[in-house]
There are 2 protein chains.
Amino acid sequence: MSSGDTIRGRYIGEKIPRFVDGPEKTSGRAKYLIDVELPGMLYAAIARSPIPHGKIRRIDYEKIQRLDSVKAVVDGRESKLGNIGILRDNPPLKFPKVRSVCDEVVAIASTDEDKAKKYVQEVDMEMEELPPVFDPKEALKPGAPLVHEENGSNIVKLNFNVRAGNVEEALRKSHLVRKDAFSVPRVAFAPMGTLGALAFLDERNNLTLISNTQEPYQLKAELSKILGLTMDRVKIVQPYIGGNFGRGMDVYPFEVIVSLLALKTKRPVKLVYSRTEDFMCSPTRQGAEIEVTSGVDRNGRLTARRVEVLLDSGAYVSWGVFDARVMASTTTGLYAVPNVEFVATAVYTNNPYTINMRGAGNPQVTFAIESHMDMLAEELEMDRLDFRLLNAYEGQYVTPQGMRVDNARLRTVLSRVGELARWRTRERRSGRFRRGMGIAALFHVGGGARVYRTDGCGAAVKVDDGGKVTVFTGMTEMGQGSANGIAQIVASVLDLPLEKVEVIYKDDADMRPWDTATHASRATFVCGRAAFEAAKRLRERMIVETASLFNVTPSEVTLSGGKVEIVGKSTEELDLGKVVRRLHFQRGRLLYEYFYYDPPTEMANEENKGNISAGYAQAAQIAEVEVDTLTGEVKVLKVFSVHNVGRVINPLAAEGQVIGGIVQGLGHALFEELELKEGRVINVGFGDYEVPSATEAPDVVVEFVDSENAEGPFGAMGIAENGIIPIAAAIGNAIYDAVGVRLYKMPFRAEDVLVAIEKK
Amino acid sequence: MSSGDTIRGRYIGEKIPRFVDGPEKTSGRAKYLIDVELPGMLYAAIARSPIPHGKIRRIDYEKIQRLDSVKAVVDGRESKLGNIGILRDNPPLKFPKVRSVCDEVVAIASTDEDKAKKYVQEVDMEMEELPPVFDPKEALKPGAPLVHEENGSNIVKLNFNVRAGNVEEALRKSHLVRKDAFSVPRVAFAPMGTLGALAFLDERNNLTLISNTQEPYQLKAELSKILGLTMDRVKIVQPYIGGNFGRGMDVYPFEVIVSLLALKTKRPVKLVYSRTEDFMCSPTRQGAEIEVTSGVDRNGRLTARRVEVLLDSGAYVSWGVFDARVMASTTTGLYAVPNVEFVATAVYTNNPYTINMRGAGNPQVTFAIESHMDMLAEELEMDRLDFRLLNAYEGQYVTPQGMRVDNARLRTVLSRVGELARWRTRERRSGRFRRGMGIAALFHVGGGARVYRTDGCGAAVKVDDGGKVTVFTGMTEMGQGSANGIAQIVASVLDLPLEKVEVIYKDDADMRPWDTATHASRATFVCGRAAFEAAKRLRERMIVETASLFNVTPSEVTLSGGKVEIVGKSTEELDLGKVVRRLHFQRGRLLYEYFYYDPPTEMANEENKGNISAGYAQAAQIAEVEVDTLTGEVKVLKVFSVHNVGRVINPLAAEGQVIGGIVQGLGHALFEELELKEGRVINVGFGDYEVPSATEAPDVVVEFVDSENAEGPFGAMGIAENGIIPIAAAIGNAIYDAVGVRLYKMPFRAEDVLVAIEKK
């Protein structure tokens, strides 16, 4: 960089509307998967197992196969596919064993979508039923039916346990020891866009999959492995995505199925779930049974904490049970506790399988820990905020799990949210409608999360003769707004008008540089930093080349406001585009730079310890609720949410993420629960399964503390998941504050609250 | 580059089928402009001037404007558009003056294509007729009607003249001086795809133009200038293109019109010419009146040459009259002549305007010069081949115009084509069907042509985790096959299977690095070299990074057959994709390189001299014809074509280009002529205007001499135009050989040949 030049961050911290993808989406012009039609396209439908556990004796679809409109039928007998999943336990087409009611047995491709759906109902399956197991505790018992016989037991062989210090001894020496048990159910993802995929072969017989994935580069590798194709024969294309919240992190059986059918028929094959199918046959958020034990000394300081979780993985292992990793981080990192132990048991059952959802275990465990913290404070007769402040850390801190927190602001966010909510002076009401306030904090990665050996993302940036900048990023935009953030970052680095920046972030993944995956709130941090660095290189190149063009030293050149400025020269002549054209036409220069940013972090070691992220966020939320003591109905009136996420790139977008998370978490707190009966989802569709709407949305006050992360672009960390993490705990604690009843099980439905009040 | 590593050129010289775009095109899946449909799209139609020269007194379309299906009507009164063209003499919508019968006066956008076409017929125009001028010689006379009054005369103010040595004196001293005059008419481009464009606004109100342009980056600059938008607000998208042959080199009025209508209506607006419109209202190939004067010494050596051309530009100046530049090169460079003079006069008339077509003036002037050469030989009583061999140069040669020809092989190609055709021992026939052979040579740029200050092209190359390589090029593929060539070049540099290379060469031009334009046979040379260099950088990076990964020196590493090879290591582990994955996951490396190649050439100076190309091609053709002396019908039996175009990347593709050019030129030689009556094309459509079909296609024998260009990728030069250049001359000379009649005017229709025979 030339000595005279500084990057000012022109748009950083500005409330920039969603200009990159907003107009297309709000105008209805954006094409989602459901809108994509290809000539000669076939429609796939899947015949699924009618029973939760059993063996396929006979499948017969001979009559269907002979129908004109049916172009191909496949089942697990004929196809030689690899298995899906981290443990490779999920065959895309099941044979001979089925392990859950949505298991894919037969798939057909038809010229007619309705007929496809009808014919799969007519597939004749003769099943031998096996005794099923639905309760994870039952599944652990000796003699329980085995979901995967070859596994030897129903215990998923993954180790998420963490131990640091000596919990046993510390508890023994504690002034107070308390143990509480909590339960969080499965919930549905229910985004706007249902699951689906479209596969077709190009004329070189290479496979293209149009997928809502949030990890196109991993999907490409996985899908090619499962199909037995070399990776260069598989292309992933991402349309506009109608929300993912984490469920775009794994390969789906239907993605393999449409690919297989396209390979067989040589025609495009599409499958988009109906809302019913999406509710019944999608992986769910990971539920959990969570036991929290803590020891406290005489002064109210935490001495030890043990968290034990039981996770029902369902019939297969996807990313759901990996929620344990995040649960461990919060167990060890949310407050300063020297002795910690985290023990997770994940089990197979004949329920639907699970996948990670926004927060990835953190909302579940934070509900448990922060409810438990309130009960500890009460026993200690301390103010709940003071108890937290006492146990919070600030500044440099290394968690017992080895996570290095720089610039921790946990005390700051707790104090500030208390001030905002007037915690100390809050009023109480008597009568039918009682009001209360609850507080909860959070600890979450904000600087990527090294789950794979690389946690990096690539970016390429070029500036053209019109002074327009094109940014190529591997990042997936599934609604979170990172594409906008990247445009802002690049426009800031190059100091040019926002509308001069175009971000290439979707469609053909091969056209963009590699990204690990968009998860763990990492897109703006990792991909943003990659874009920052590529743009910085471009800025440096511009300055050096311009200096050479004008026969000045680089220190006399700077970029500002879309212009190239030279000390002592009129700016009129120095529009960026003009200078690029001169460099181009007079010097034969093409201004094109790229960068691959991989944060300086480490993978967790065998003890599940390590500094997996280049930044950790803290936040504190206070929820104010009103409880109708007559009906048990809880109304969340207001939420205060104060965050340390480093420097905020776009407060409008960051606030949107926080508010969105709060409202989504409010649904989980108050009413959302996927009800399973014999392994089958019974509350299907938005009639039976409520999600929060505008009427339930509380007023939300969001604040960000001044902060800066050393690695993030312009000092930023990620924030996509943080809003949702503490909200259930804050609401639960507020209910206790209002009516004195403690709810150990989510959701806090009116009837549950009423029963608790009456019991009390 | 590591010392041990060499680039072998695995696929260079191999007959590689058209695998990049061939399958999409031959299967009918390729989407051409006519296939593109957008939601809410409107159709534009243009009301054109009914008279060749006049003033618009009144335009009335009030009634039309009020119709439901009509969404916008525009004319030249209201729109403040810049003018099109090199001389900015072509208003996209004309007012008040019209200068040719196709002049655009009013344009409407309608929801219905048929109605749009109907309504423009109903636009009421009151015109004041001005005296027109159609004959360029008349246009030069004092008192001729002025097409552009502000120009002061009808002479186009562009200087293409070249002078070197002293022609006057050399002619005076010559043993023999001869002067001949030739005439080449206008012909139609008539590619498969008719002209058209589709404009739409994205939601940021930026304009996207889907265009068949062959210069997307220049078009973007021009169109934004004409519309008064900054360049970042204009995007050019290229669909599959159904042939251009040079006519994609300028902005079209209809491109501005659909853009204007899209800006007005905020809806997509499409206009695709019918075949009739394409014949009537497209610019034509440049016709020419050409006078050649040569002096020869006693030994048969050329002493001087003067070529004077008269070019009818039509109503406006596009690239047609620039054909003079290429005519000058051939005048000065085809044979060794020390004293040369080229004088071009271009004039405005009220005819359709002209644009450069394949060869860009060279087919026209080569017809004249090579016919004239035969007549000189005859007067000298020399064999026509010997006369040419005597005047040909070989090895290093600098033309009097300053073009540096390295490795000239003009004598070689002449000798070789003579051998191939058995020139010395050819048989003659008597009777009704007479056979004859004609020979003609060519001189043409093969290493780009510096028309703009840069003649460069950019390329970016990346390799992904699957070992697949993606190449981004600014090049335009309009049928010539360069995209395939680039894939071959990159696969050769990286030594990996062809199917591992994907070339991004179409769609959004902003996604690809800048290119000057695809013209002057430069795509494989310039863009190919850019791709070569980017791939070479990638190869070097791969080798250095791999060496570091395996703790060996770079000289121990090489890339071969899609594998990374290390001395003494098993190759099994070293699949390219695997190594990339290891570099990626273990070292955080992203393998991405780019290059901007601008040939080391110079722009022509004020005297129109300079070394504008980094390579010059020579070729010689012999046509064998049979003339029916009863009907005058000429049948081309066989063509022998021997080329020096450096190293041939793909003989299949190069042969295809040569054969295609020969067949296209055969049409021009024997029957194609656009007939104008009062400035209006009267032979419209393939019924009235014949183009050659398979039945007319002769046997063609193509050979390439061993050669290498120092700058071209793997030593290659361009070849797209060369087949067409000498064919008319070769056929004309063969007719003379067969029946002893000399045809000075193209085409050599049966009736013209018969008249000539009878006259004789």
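Some observations on this one:
- As a calculated quantity, the FRET efficiency between A:Arg432 and A:Met192 at R0 = 41 Å, using C-beta atoms, amounts to about 0.65.
- Per residue of B:574-584, other chain Cβ atoms within 10 Å of the residue Cβ number 2 on average.
- Gyration tensor over alpha-carbon atoms, the range B:604-760, equivalent ellipsoid semi-axes in Å: 32, 19, 16
- Positive-pole candidate from B:Val147, B:His175, B:Pro136, dipole of the range B:134-197, charges at beta carbon: B:His175
- Largest-first principal axis extents of the Cα set of the range A:1-102 (Å): 76, 36, 27
- Stretching B:Tyr452 away from B:Lys569 to a fully extended chain increases their span by 37.1 nm, per 0.36 nm per residue minus the current alpha-carbon distance.
- For the range B:421-466, the C-alpha radius of gyration sits at 2.59 times the compact-globule guess of 2.2 N^0.38 Å, with N the residue count.
- Accessible surface of the protein assembly as shown, 1.4 Å probe, proportion on carbon and sulfur as whole %: 48 percent
- Stokes-Einstein D (µm²/s) once Rh is taken as the Kirkwood radius of the range B:538-592 over alpha-carbon pairs, at 37 °C in 0.692 mPa s: 301 µm²/s
- Distances between every pair of Cα atoms in the range A:59-188, grouped in 5 Å steps from 0 to the bin holding the largest one, split as 2, 7, 12, 13, 14, 12, 10, 8, 6, 4, 3, 3, 3, 2, 1, 0 percent.
- Segment A:Glu696-A:Lys141, extension gain: residue separation times 0.36 nm, minus the distance between their alpha carbons: 195.6 nm
- Peptide A:34-41, shielding by other chains (average Cβ, 10 Å cutoff): 1
- Sum of -39500 (n - 2.57) over DSSP H runs of 4+, divided by residues of chain B (222 nm, nearest 500): -8000 deg cm²/dmol
- Here the convex hull built on the C-alpha positions of the protein assembly as shown has a volume of 208 cubic angstrom per residue.
- Using the Cβ-Cβ distance between A:Phe686 and A:Glu758 with R0 = 25 Å, the FRET efficiency computed as 1/(1 + (r/R0)^6) comes to roughly 0.25.
- The mean number of Cβ atoms from other chains found within 10 Å of a Cβ in peptide A:455-461 is 3, as a whole number.
- Beta bridges by DSSP in chain B, antiparallel share as percent, to the nearest 5: 75 percent
- Alpha carbon centroid spacing (whole Å) that separates the range B:78-125 from the range A:492-551: 42 Å
- Accessible surface, per residue, of chain B when the full set of protein chains is kept, probe 1.4 Å, Å²: 34 Å²
- Over the range A:565-624: Kirkwood hydrodynamic radius from C-alpha pairwise inverse distances, Å: 17.4 Å
- Within the range B:323-394, all pairs of alpha-carbon atoms sorted by distance into 5 Å bins from zero give the percentages 3, 14, 20, 22, 17, 10, 6, 4, 2.
- Remark: relative contact order (chain B) = 17 percent; criterion is Cα-Cα distance under 8 angstrom and separation of 6 or more residues.
- Radius 15 Å from Cβ of B:Arg10, net charge of other residues (Lys, Arg +1; Asp, Glu -1): +2
- Dipole magnitude of the protein assembly as shown about its Cα centre (Cβ charges: Lys, Arg +1; Asp, Glu -1), debye to nearest 20: 1020 debye
- Relative frequency of Cα-Cα separations exceeding 43 Å in chain B, percent: 30 percent
- Once the Cβ-Cβ distance of B:Arg29 and A:Asp114 is raised to the sixth power relative to R0 = 25 Å, the FRET efficiency obtained is 0.40.
- With viscosity 0.890 mPa s and temperature 25 °C, the Kirkwood radius over alpha carbon pairs of the range A:237-355 converts through Stokes-Einstein to a diffusion coefficient of 142 µm²/s.
- B:Lys55-A:Lys677 pseudo-label distance in nm [points 7 Å out on the Cα-to-Cβ vector]: 8.8 nm
- Largest to smallest in accessible area, the residues A:Glu502, B:Glu104 fall in the order A:Glu502, B:Glu104 (1.4 Å probe, all protein chains included).
- Flagged links, alpha-carbon separation over 28 Å, of B:Lys31/B:Lys220; B:Lys500/B:Lys638; A:Lys225/B:Lys25; B:Lys235/B:Lys264; A:Lys506/B:Lys266; A:Lys462/B:Lys71: B:Lys500/B:Lys638; A:Lys225/B:Lys25; A:Lys462/B:Lys71
- Measuring between their Cα centroids, the range A:49-64 and the range B:270-324 lie 75 Å from each other.
- Convex hull volume per residue for the range A:625-694, taking Cα atoms only, in Å³: 148 Å³
- Span-like helix criteria (full DSSP H runs; alpha carbon extent of at least 20 Å along the helix axis; mean Kyte-Doolittle hydropathy of at least -1.0) are satisfied in chain B by B:362-380, B:528-550, B:651-670.
- Pairwise centroid distance, computed over Cα atoms, of the range A:384-409 with the range B:713-760, Å: 89 Å
- Here the spin labels are modelled as points 7 Å beyond Cα on the Cα-Cβ line, and at B:Thr276 and A:Leu652 they lie 5.2 nm apart.
The values are calculated or read from the model by the stated rules, or taken from the named source; none is laboratory data. If you're wondering where the values come from, they're calculated on a predicted model, not measured in any experiment. Reconstructed Cβ throughout: ideal geometry from the backbone, glycine too, with neighbour counts over all protein chains shown. The protein model used for the area step is the full one, side chains on, heavy atoms only, and it has no ligands, DNA or RNA in it. Shrake-Rupley method; radii C 1.70, N 1.55, O 1.52, S 1.80 Å.
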